[in-house]
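The structure under discussion appears below in the form of structure tokens.
The values are calculated or read from the model by the stated rules, or taken from the named source; none is laboratory data. None of these values were measured; they are calculated from a predicted model. Glycine also receives a Cβ, built like all others from the backbone with ideal geometry; neighbour counts cover every protein chain displayed. For the accessible areas, the whole protein counts, side chains as well, though only heavy atoms, and no ligand, DNA or RNA atoms are used. Shrake-Rupley method; radii C 1.70, N 1.55, O 1.52, S 1.80 Å.
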Amino acid sequence: MEAKDPHLHAERFAESVRGAAASRTPLRLRGGGTKDFYGQALEGEVLDTRGYAGIIAYEPSELVVTARCGTRLAEIEVLMSEKKQMLAFEPPHFAQFGSGGTTSFATVGGMVAAGLSGPRRQAAGALRDFVLGVKIMDGSGEVLSFGGQVMKNVAGYDVSRLMAGSLGTLGLILEVSLKVLPLPVAEVTLRLELPEDKAIETLNKWGGKPLPISASAWTGGELGVRLSGAGAAVKAAREKIGGELVDATQGERFWAGMREHTAPFFENDAPLWRISVSSAAPPLKLQGEQMIEWGGALRWVFSQADARTIRDAARRAGGHATLFRGGDKSAGVFQPLSPVLMKIHRELKREFDPHGIFSRGRMYPDL
């Protein structure tokens, strides 16, 4: 529900933060709850952000939208679709994991805090690349602004992007300005039958050519490829790539299933690992069912293998592994950091959240 008086809501946030800081009580920053499964389980008082909602500004000609943290992601997407625009990184809603069931209660603040991108990320870039500016509340209840609301304003840009994927450990995201892009004029999905090693090789070969590939997904011997862009470019690429043309409606459902984890592949009770590697990395040869996205750079694996086995395989491939959902989290959800990186994380946490109240321990025990 949108706040009738946003300023009053912000004042209540500040009171809660200052009270928690004084008593050293941890706060769980929470929007729609659709990403609660991601990261370590948390204890503490819940600070519900959904009431601080509303689209502050949307300038289609400037390709920028600014919204408060509690604004529903679906609301922004509907507004942009009317202007034939989109959030090009295709953020997942994960409605099935929230309290609303099939209704999406995913919020803008939660989207940025989780930092997750969907299938189109391989062509458009990650969520953090589209963050132009943020307004946050730090661990002392002070409001800080970074970046701006125009694409050419880069002041504080790195700090703005720092909030993407921070999982609420650095501060409460109050507002965010995002770059948007036009919807593609034409879009088709192709299906090809390829073994895993051949699919990886083919995706990397295509990656070196000027083909309008906006998404790819391989599993079970089948490779799905989405082409997006100008009609002539899509037509030429379709002829070059070959394969079976998928019905448009089925194609939309397929990529929505990839983004929202509702595709048949994700109907699995085993622990789900998210492994980021070089796109050219060979098959990981891990026990369990696998899905390959982002031109080979993202590997999803449902596996009962222990964390060390999974992470060693990711490390050998030059990447890292995250226990995305399910499983035993005692070994840590995220890849252990080197001492140097951990020191940087601790210093950032101390700077933004000196009393250690925000989402304490969600990423790492000491943070």
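Report the residue count in the range 287-311 for those that are surrounded by 18 or more Cβ atoms within 10 Å (Cβ to Cβ) and in a strand (DSSP E or B).
9
Right, Asp353: open to solvent by less than 80 Å² (accessible area, probe 1.4 Å), of a type in the set (D, E, K, R) and more than 20 Å from the chain's Cα centre (by Cα) or not?
Working: open to solvent by less than 80 Å² (accessible area, probe 1.4 Å): yes; of a type in the set (D, E, K, R): yes; more than 20 Å from the chain's Cα centre (by Cα): yes.
Answer is yes for this residue.
Leu284 - would you say it is open to solvent by less than 60 Å² (accessible area, probe 1.4 Å) and assigned to a loop (DSSP other than H, G, I, E, B)?
On the way: open to solvent by less than 60 Å² (accessible area, probe 1.4 Å): yes; assigned to a loop (DSSP other than H, G, I, E, B): yes.
Answer is yes for this residue.
Can you confirm whether Ser177 is at pLDDT 95 or above, surrounded by 20 or more Cβ atoms within 10 Å (Cβ to Cβ) and in a loop (DSSP other than H, G, I, E, B)? Let's see the steps before the verdict.
Details: at pLDDT 95 or above: yes; surrounded by 20 or more Cβ atoms within 10 Å (Cβ to Cβ): yes; in a loop (DSSP other than H, G, I, E, B): no.
No, not satisfied.
Report, by residue number, each residue of the range 242-281 that is open to solvent by 20 Å² or more (accessible area, probe 1.4 Å) and assigned to a helix (DSSP H, G or I).
Within the range 242-281, Ala248, Thr249, Gln250, Glu252, Arg253, Phe254, Ala256, Arg259, Glu260, Pro264, Phe265 meet the criteria.
Give, as residue ranges, the strands (runs of 3 or more DSSP E) completely inside the range 10-78 that count at least 1 residues that are open to solvent by 10 Å² or more (accessible area, probe 1.4 Å) and out of contact with any strand residue (DSSP E or B) (no Cβ under 9 Å at 6 or more places or on another chain). Steps first, please.
Working: elements: 27-30, 45-48, 55-59, 64-68.
Correct list: empty, since no element meets the threshold.
Could you count how many residues in the range 202-234 are open to solvent by 40 Å² or more (accessible area, probe 1.4 Å) and touching a Leu at 6+ places or on another chain (Cβ under 9 Å)?
2
As an exercise: evaluate Ser330 against (1) among the small types (Gly, Ala, Ser); (2) open to solvent by 60 Å² or more (accessible area, probe 1.4 Å); (3) outside any loop (DSSP other than H, G, I, E, B); (4) over 30 Å from Asp48 (Cα atoms) and give the number of the one condition it does not meet.
The number of the failed condition is (4).
Return the total of residues in the range 297-313 being more than 19 Å from Met363 (Cα to Cα) and touching a strand residue (DSSP E or B) at 6+ places or on another chain (Cβ under 8 Å).
8
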